[in-house]
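First up is the structure itself, then whatever we jot down about it.
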Amino acid sequence: MPKESRKGFSRRSFLQTTAAAVGATAVGGLMPASFAIGGSSKVRIGILLPYSGTYAMLGNSITDAFKLRVQMGDGTIAGREVEYIPIDSEMSVPKAPQNTKKLVDKEKVDFLVGPVHSGIAAVMAKLVGPREGPIMIVPNAGSNAVTGPLCADNIFRTSFSNWQPAFPGGKVMADDGHKTAITIAWKYAAGMQMMDAGKSAFEQNGGKVIKDIQVPFPNVEFQANLSEIAALKPDAVFAFFSGGGAVKFVKDYAAAGLKDKIPLYGPGFLTEGVSKAQGAAAEGIRTTLHYSGDLENSANQAFRRAYDKAYGKMPNVFSVQGYDAAALIINAMTQVGGDSGATGDLINAMSGAKFPDSPRGAWHMSAAHNPVQNIYLREVRGGKQKLLGIAAKDLEDPAKGCKMA
Ligand code: PHB
């Protein structure tokens, strides 16, 4: 069936015609393995995540926690053994089509887990959704489009939209009494969408952004940008960097003498999983995110103990997203008796998914297949995140352009 005609399918007509769709898909290009292999073989989990470069820590955290969640059950997915087929995305958008096709067409995975990078997410979503490929679970990439114009029956996210952690952050910055700000981020979808969201909340609450600085991804040469910030003297700076780049930015910011003069804010990725490496430079940085390590719910305590025992380190938000991606698959597969070919029923189970016991606190899947979740305000103290409160309760992404929502 040509892609154009599939794009017109409504969710309802798909669910009514699952059998027909299965037949049609089997002769198409991207064929889910489950239709070809049947229910008794191993469940094949294709993973497209970064294992090198500035986001390597994110990819490893997601993968480790996904596997931990499977092990914390009986080591199977609904009674079936699990086979992981990981590919290093290298954060390369040009390589994303071939990497995706390799997992779907050649490896014939039952579920596709990835990516971290918003640009890659949009490429993957166009290839596999709606129903062109297997069910895809996004365990990080926040691309607003993936649960907006590109939303699809078979695409689910267990992380966040870029708007979600950023919008409350802009309000926090205004509430802290700042009147002017500079935004600074890597120049690609994630950075631009987070800066737009933070800026609009800041300005809606009486602030004014005097300059948006865009840094080519994944560059970490910040000296010229820091000189410009020092010269323009805003009240505050709102930043998106993550992984290795966040370590370098926060350290350079302090080394340039800006830390005690112009406070840094941002979506929590700025200090998440990296605050130890940032050391004193991170102390006092306030961020907003859908997780804080010190959340007191019992699921978080159990998760942190198990992760520490398995890997000898503490988890972070990326781990939580990977853990919940595995939980989403396990719960849905259990509901369909382990039949990974029951696509319509799996989609139904995932669409209504509720996570009362996630380490991040309770969340549920929105109609656009994105988490409805709390966004927490945290501050780095003694190298750890200190929870200061809830910046936005049960926040739902506006899902602009999503026809399912
Ligand atoms: C993204 O590209 O969507 C992205 C990457 C790293 C983050 C958050 C979002 O920490």
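The values are calculated or read from the model by the stated rules, or taken from the named source; none is laboratory data. Note that this is a predicted model, so its numbers are computed, not measured. Glycine also receives a Cβ, built like all others from the backbone with ideal geometry; neighbour counts cover every protein chain displayed. Just the protein is used for accessible areas: all its heavy atoms, side chains included, with ligands, DNA and RNA removed. Shrake-Rupley method; radii C 1.70, N 1.55, O 1.52, S 1.80 Å.
Scanning the stretch 356-382 for residues that are open to solvent by 10 Å² or more (accessible area, probe 1.4 Å) and over 16 Å from Gln321 (Cβ atoms) yields Pro356, Ala367, Leu377, Glu379, Arg381, Gly382. The residues of the stretch 164-178 that are away from the ligand (no atom under 11 Å from the Cβ) and touching a Leu at 6+ places or on another chain (Cβ under 9 Å), listed by number, are Phe167, Pro168, Gly169, Val172.
If the requirement is being touching a residue at least 60 places away in the same chain (Cβ under 8 Å), open to solvent by less than 10 Å² (accessible area, probe 1.4 Å) and within 20 Å of Thr183 (Cβ to Cβ), which of these qualifies: Ala236, Ala246?
The unique qualifying residue is Ala236.
Listed by position, the strands (runs of 3 or more DSSP E) inside the stretch 73-149 whose residues that are within 16 Å of the ligand (Cβ to nearest atom), acidic (Asp, Glu) and not assigned by TED's automatic domain parsing to the domain that holds Asn219 number at least 1 are 82-88. The set of residues in the stretch 102-129 that are surrounded by fewer than 24 Cβ atoms within 10 Å (Cβ to Cβ) and touching a residue at least 40 places away in the same chain (Cβ under 8 Å) comprises Asp105, Glu107, Lys108, Gly119, Ala122, Leu127, Val128. None of Ala254, Ala236, Ala282 is within 16 Å of the ligand (Cβ to nearest atom), at negative phi and not assigned by TED's automatic domain parsing to the domain that holds Lys313 except Ala282. Scanning the stretch 154-194 for residues that are buried (at least 22 other Cβ atoms within 10 Å of the Cβ), within 16 Å of the chain's Cα centre (by Cα) and of a type in the set (A, V, I, L, M) yields Ile155, Ala166, Ala189, Ala190, Met194.
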